[in-house]
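Since the structure comes first, as C-alpha cells, the remarks are kept for the end.
The values are calculated or read from the model by the stated rules, or taken from the named source; none is laboratory data. Quantities reported herein were computed from a predicted structural model and do not represent experimental measurements. Glycine gets a Cβ as well: all are built from the backbone with ideal geometry, and neighbour counts include every protein chain shown.
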Amino acid sequence: MNEIRLHNTLSGKTEPFTPQTPGEVKMYTCGPTVYDYAHIGNFRTFIFQDILRRFLKLRGFKMNHVMNLTDVDDRIIANAAAQKVGIREYTEKYAQAFFADCKTLNVEAPEYWVRATDHIPEMVQLIERLQKKSFTYPTEGSIYYRIAKFPQYGKLSKVDLTGIQAGARVDNDRYEKESARDFALWKAPKEGEHFWETEIGAGRPGWHIECSAMAMKYLGDTLDIHTGGIDLAFPHHENEIAQSEGATGKPFSRYWLHAEHLLVEGEKMSKSLGNFYTLRDLFAKGYKPSSLRYALSSVPYRGKLNFTFDGLQQAASSVERLRTFSDRLKQGKFPTGSNPAMAASIAKAANDFDAGLSDDLNTAVALAAMYDFVREGNIAMDKGEFKQDEVASAQKFLADFDRVFAVIQDDDAVKLKALGFGASEGELSDEEVEKLITERNAARARRDFATGDRVRKELADHGIILEDSRDGSVRWKRK
RNA sequence: GGCGCGGUACCCAAGUGGUAAGGGAGAGGUCUGCAAAACCUUUAUGCGUGGGUUCGAUUCCCACCCGCGCCUCCA
C-alpha cells in the first residue's frame, strides 16, 4: 500500500490524501447540465472521477459521493420553452440518457444523484444565511453575491480581481451589479420563464448555488474532495467556495481536483468544427464502449487528452490484449505446484499498479504495471512454467485492476444492444458458431485444410476470430 | 494583457540530475498445415530551439519558437 497523493488545485501541489473521517471519503462531483446528450469531453471528466472513486474503494474507503444534475439553466429554459414542454419533462430525457451512458461506460453510480430542482428550499435557506451575514444585495428582484465581502475570493483559481471596476458590465446581464465579478444567487423571473415562489421572492436559482446547497446537505460543511472539469475552477468552483464558506465560515472542500479537457484530433472539440461527438455517435460508427473507456482513462487526468480515431483503435487493441490474457488465465490448464518467480512478478505488478494510481492517479503507470505482468505471465505460460498456485493471485490482480479500469470484463455487445446498437443482421448465435467450429475441426482432422479454412473464413466474415491452441482446443471470440 | 498547461520515436504516452516505462502500428523471426494468439529482435546517442549551471541535463535556470486552455456559458 502506497501513500495516496492527489494534486490539489487549492494549493497547486500534490499532497498526501487523508479524509477527515478515517476510512470514509466525502466527495462531490459537478455533474452534467442535462440540456443535451453528454459528449466525450464530459466523459473524460466523469471517467476521471470514476477512476478516483473506484480506486479509493479498492483501497478500502467507504465512499460518500454526491453527483448533481443541473436541470435548470438558461439553455434548458430556452429549449424547453421552444418545445413547449415543462423543464422537468425536457430534462428527463437527457437525464435518462446520461444514466444510460454512464452505465455503458461503466461509470459507477455515486451514492447520491441529486437534482437542482429537487433542492430549491435548501438553496433558498443558504441564500438566507448569506443574506443575514450581508453577503448579498438585491437588484431588481434578483439577489447577488457581494464578492467584496469575501476577501479570499480567487484563492482556488488564482484570479486577480484588481482592475475589475465596480459597476462595469462584462457580460450582457441586464441587471445592475455592484462589482463586475458579483454573481447571481437568485434570478428574478423573466417574462414567460419557469420560476419558483419562495421566501426570498419569485425566481430561479443562479447556477452556482445548487452545488453549495446540495453538497453541504448531503456531506456536511466540509467535503474531502470536490471534482470537476478544469473549466469549472473559475468561476463555478470559486463561487461555490465564496457561497459555502461565506455561510459557514468553514473550509468548503479540502481537496479540489480538476480534469484537463480533451482535444479532438489536436483541436478543441466544438460543434462548429464538426468534431463534436456523443457516445452514440461513436457507437454508431462501430466503436465499443470499452475502447472509449480505455482511451479516456489511459491518459492521466491532468494532461490534455488528444482524442483520435486512431487512438480509439489503439485502445481497442490494448483492451483485446488484456482480455486475451485474462481468458488464457481463466481457461488454461496449469501444472500443479508453484513458481516463486511468478509469484514475485505478480506481487511486484500489483504494487506498481497501486503505486501508479496512488501517485495522483497516474493511470499510464498503472497500465504499464499490468502489461509488464501480462508479458511475464504469457512467457511463463508459453513455457509451461505458470503453475496452479499462482492462478488465484493472478486472477485477484486482474480483478483488482478491473475494479478500477473496468475494461476487461467483456460485455460490449450487451451494452450496445441495450442502447439499440449492434445486433447487426446475420450475427451468428453461439450454437451456430460452435457447430461451424466442430465442422472445421472435423475437416482439419482429416487434413482437409481447404474446407477448414473455408469455414474459418465464413466465421471471420461474421466477426468471429478463432484461436487454435496447442492441445487441439479452439478458442473463439467476437471481434 | 493576466493566470495556467503542454511540446519525448510512425501514433498514444510515463518518467528521472547520471544517460529514455508501457501500449498501438510497421518490419524480420520463433511457434503453427496456414492463420490467430503468444514470444523474440527491431524503430529516439536522443526527449521544441538556443544558451547557462553541473563531473554529468531530457530532467534545474534564462531566453525564444510552437500548440492549447481559462479570464464570458462550457467537463
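One table, with the values for the structure above:
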| item | result |
| --- | --- |
| Which listed residue, of A:Arg254, A:Arg323, A:Arg293, A:Arg328, is out of contact with any Cys (no Cβ under 9 Å at 6 or more places or on another chain), in a strand (DSSP E or B) and surrounded by 14 or more Cβ atoms within 10 Å (Cβ to Cβ) | A:Arg254 |
| Any hit, the range A:8-27, residues being under 16 Å from the mean Cα position of the chain (by Cα) and not assigned by TED's automatic domain parsing to the domain that holds A:Thr278 | yes |
| Verdict on A:Met63 being crowded, with 22+ Cβ neighbours inside 10 Å, assigned by TED's automatic domain parsing to the domain that holds A:His237 and modelled with pLDDT of 95 or more | no |
| Top-ranked residue in the range A:433-450 [being surrounded by fewer than 15 Cβ atoms within 10 Å (Cβ to Cβ) and either in the same structural domain as A:Ser317 (by TED's automatic domain parsing) or not in a loop (DSSP other than H, G, I, E, B) (or both); ranked as nearest to RNA strand B (Cβ to nearest atom)] | A:Phe449 |
| Any hit, the range A:327-338, residues being of a type in the set (Val, Ile, Thr) and away from RNA strand B (no atom under 12 Å from the Cβ) | yes |
| Residue in the range A:265-290 that is surrounded by the fewest Cβ atoms within 10 Å (Cβ to Cβ), counting only those that are touching a residue at least 12 places away in the same chain (Cβ under 8 Å) and over 27 Å from A:Asp411 (Cβ atoms) | A:Gly266 |
| Residue list for the range A:129-145, restricted to those being charged (D, E, K, R) and under 34 Å from the mean Cα position of the chain (by Cα) | A:Arg129 |
| Selection status of A:Arg456, part of a helix (DSSP H, G or I) and either free of Cβ contacts under 8 Å to residues at least 12 places away in the same chain or away from RNA strand B (no atom under 11 Å from the Cβ) (or both) | no |
| Residue among A:Phe353, A:Phe334 that is assigned to a helix (DSSP H, G or I) and either farther than 29 Å from A:Gly60 by Cα or assigned by TED's automatic domain parsing to the domain that holds A:Asp402 (or both) | A:Phe353 |
| Residue check for A:Ala97: crowded, with 16+ Cβ neighbours inside 10 Å and either among the polar types (S, T, N, Q) or farther than 21 Å from A:Trp196 by Cβ (or both) | yes |
